[in-house]
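The values are calculated or read from the model by the stated rules, or taken from the named source; none is laboratory data. The structure displayed is predicted, hence computed values, not measured ones. Glycine also receives a Cβ, built like all others from the backbone with ideal geometry; neighbour counts cover every protein chain displayed.
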Amino acid sequence: MKIHEFQAKDILGRYGIPVQPGKVATTPEQAEAIARECGVPVVIKAQVYVGGRGKAGGIQFGDTPAQAREAAGRVLGMDIKGLTVEKVLVVPKIDIKEEYYVGIVLDRATQGPVAMVSAAGGIDIEDVAANTPEKIVKQPIDMRWGLLPYQARDLMARAGLPHTVVSRGGAILAALSRAFIASDASLAEINPLALTADGQVLAADAKILIDDNALPRQKEYAGWAEPEEANPLEFEAKREGLTYVKLDGDVGIIGNGAGLVMTTLDMVARAGGKPANFLDIGGGARAEVMRKALLFVARDPDVRGILVNIFGGITRGEEVARGIIMAQADLPKGMPVVARLSGTGAEEGRALLADAGLTWGTDMRDGAQKVVAAVTAAPKTAPKATPRAGN
Amino acid sequence: MSILFNRDSRVIVQGITGSEGSYHTPRMIDSGTRIVGGVTPGKGGQRFAARIGDRALGEVPVFDTVAEARERTGADVACIFVPPAGAADAIMEAAAAGIGVVVCITENIPVLDMARAAAFLKEHPARLIGPNCPGLATPGAGKVGIMPYHTFKEGRVGFASRSGTLAYEVVALLTEAGIGQSTCIGVGGDPIIGTPFVECLRLFERDPETDAVVICGEIGGSDEEDAAAYAKTMRKPVVGFISGRTAPAGKRMGHAGAIVSGNTGTAQGKVEALLAAGVPVADTIFDIPEMTKQALAKVGAR
């Protein structure tokens, strides 16, 4: 789960990591009041879940409270990569002398978190990793002890940071490791870690991702969830326990199991279609889940046909068939649905579909070809939205 | 000999009285698996009566701890259906009790719990399969997990897949084409798993009852690239398939581990790595049986 910079800094603050004092504003007037309170000049920073906000104009400055209000007025409501800015973080401007990178990421190879430090801060660490990997030093974190303070200092020293930063930066990185583990993060970055002209070391920007699987025990952070993508359907799907990803085609896809759904997307593409989404209804889905999934996919105005591809392990074919039949009444008129069932309960499921006058594909390829044909045959002006699609 | 699991394996089920455990245990027994007991803390002393519909499949004892279950039953394989919050603990409990092969079906385990379990396994060696996987099956001997066993067929092709349902599809296609399997492994869809492809390949390479291996990978991570590097050194032929060719970068495609980040984990990179290692890669799953037949013909397999 993504969280905002101000929330990430809130977490850092709880672990003793220095951050600029600041507050969040949702109106220009609030930004002006915050600027007055914490002292000008200030920086106005758009709080959106995408990178590259600086280039998009999402970071502006105010030398006076009135300028802060104007700057916030420009940033609030701004569209950054499809997301509307609804909040800005207002913080005192600092005079940055040097910028470093410190971060902790989950590493598949070492099967745990790895701490990383680079003297090349303030730029995208992926670029540093791609172009000058020698500028990044790494240390796997032992889950029993976390990152020990000496290991953190060692990383600072090996990354070539100034002596004055090694100690304080090391303490910050060790604290970041504690925050990472206690918060069930899957990524925690301070970029830049700033050395100011007056010798302070602080987190000037921060990014934290929380592991979705840990949200049941990270209740406070779970409460911070907001629509995280440009597409509100993705957020709603998450709340309803559906694994949904919006894509840019017009063939809706529903399946069980991530790999099978991915393969179904590939198969539809191969049949000449363009998938509109990825939707995995997971294991053991019942009829009601299937019904909801169909109606959910149909709410995407781009969808002009739906392919249901279910292989039964925990998921039973007759439950899926019942769900498809139940959905018929609420689906947009003329919306083609092609179902393909196999495995546990597939025979029973096919019989139910036949009784209801619905068709199915004999296998995944057949299903993909049938749905692509149906979508291609349908007039472009086919009814697109259900009555519920308006919100 | 198949790998990891055979007719002599003695299996316990952790979480046997839960909804998943109680549904799948009778089905494992029905496939021929010797289930010797179960573990549910607090329900030790009870007996689990296995049945499918009105078909009774015997009773097994339930224990409070894995240590006790192992001592009393001589179990060497554990199958875990424990809910996510306790699943990593269940893995560590099984490893500490000396269970050799631990199969964890559970999905949605917090990743740092798995990081802890992975570190624990370095000091308490056990072969972990999964988590977030359908388990494994050795046709003719039975299954450990939730795979649809009736579509499997005894034979000499090893199989491993990151996705469960995709594995079922491909195994069914192999069976339809008359190609039987030695052992089928669902390695799991999480970023931290116990037995990545390269480990499966090592086991199959050593297995005298396996002639060729099929691996079904997907976007995310570099397990397929690692497998490709090893496949190059193998005596036995490997056939590959990669799903997620149409998946956009930066989007997590269902599995926690299925995400292209930057330039890592792309389908294209994996396909290229496999091809460069001499591993043919199927365009669609429907091409896998024919390619497997060709691979078998090349080694002159029976």
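Values as computed for the structure displayed
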{"item": "Residue ID - surrounded by the most Cβ atoms within 10 Å (Cβ to Cβ), chosen from residues in segment A:108-122 that are within 14 Å of another protein chain (Cβ to nearest Cβ) and not in a strand (DSSP E or B)", "result": "A:111"}
{"item": "Boolean, residue B:160 is under 24 Å from residue A:113 (Cα atoms) and either facing another protein chain (nearest Cβ under 10 Å) or not basic (Lys, Arg) (or both)", "result": "no"}
{"item": "Unique match (being over 18 Å from the mean Cα position of the chain (by Cα) and either buried (at least 23 other Cβ atoms within 10 Å of the Cβ) or more than 27 Å from residue A:90 (Cα to Cα) (or both)) among A:215, A:161", "result": "A:161"}
{"item": "Test set (1) at pLDDT 95 or above; (2) under 30 Å from residue A:105 (Cα atoms) - residue B:21 fails condition number", "result": "(2)"}
{"item": "Search result, residues across segment B:31-60 that are in contact (Cβ under 8 Å) with a residue 60 or more places away in the chain and more than 23 Å from residue B:93 (Cβ to Cβ)", "result": "B:31, B:32"}
{"item": "Looking only at segment A:335-360, and only at residues there that are more than 13 Å from chain B (Cβ to nearest Cβ) and part of a loop (DSSP other than H, G, I, E, B), the one that is surrounded by the most Cβ atoms within 10 Å (Cβ to Cβ)", "result": "A:335"}
{"item": "Restricting segment A:136-150 to residues that are in contact with a Ser or Thr (Cβ under 8 Å, 6 or more places away or on another chain) and within 14 Å of another protein chain (Cβ to nearest Cβ), the residue that is surrounded by the most Cβ atoms within 10 Å (Cβ to Cβ)", "result": "A:147"}
{"item": "Top-ranked residue of segment B:250-286 - restricted to ones that are of a type in the set (Gly, Ala, Ser) and in a strand (DSSP E or B), ranked as surrounded by the fewest Cβ atoms within 10 Å (Cβ to Cβ)", "result": "B:261"}
{"item": "Filter result for residue B:240 (part of a strand (DSSP E or B) and either farther than 21 Å from residue A:255 by Cβ or touching an Asp or Glu at 6+ places or on another chain (Cβ under 7 Å) (or both))", "result": "yes"}
{"item": "Strands (runs of 3 or more DSSP E) within segment A:151-217 that include 3 or more residues within 14 Å of chain B (Cβ to nearest Cβ) and under 21 Å from residue B:112 (Cβ atoms)", "result": "A:185-196, A:206-210"}
{"item": "From the options A:247, A:265, A:279, residue that is in contact with a strand residue (DSSP E or B) (Cβ under 6 Å, 6 or more places away or on another chain) and surrounded by fewer than 24 Cβ atoms within 10 Å (Cβ to Cβ)", "result": "A:247"}
{"item": "Conditions (1) more than 29 Å from residue A:198 (Cβ to Cβ); (2) in a loop (DSSP other than H, G, I, E, B): number failed by residue A:129", "result": "(2)"}
{"item": "Hey, residue B:252 within 14 Å of chain A (Cβ to nearest Cβ) and at pLDDT below 95 or not", "result": "yes"}
{"item": "Among (1) surrounded by fewer than 23 Cβ atoms within 10 Å (Cβ to Cβ); (2) closer than 16 Å to residue B:190 by Cα; (3) not polar (S, T, N, Q), the one test that residue B:121 misses", "result": "(2)"}
{"item": "Breaking point among (1) away from chain B (no Cβ under 13 Å); (2) of a type in the set (A, V, I, L, M); (3) part of a strand (DSSP E or B), for residue A:294", "result": "(3)"}
{"item": "Number of the exception - residue B:183 against (1) buried (at least 24 other Cβ atoms within 10 Å of the Cβ); (2) of a type in the set (S, T, N, Q); (3) at pLDDT below 95", "result": "(3)"}
{"item": "Hits in segment B:234-249 - residues which are more than 7 Å from chain A (Cβ to nearest Cβ), crowded, with 24+ Cβ neighbours inside 10 Å and under 30 Å from residue A:1 (Cβ atoms)", "result": "B:242"}
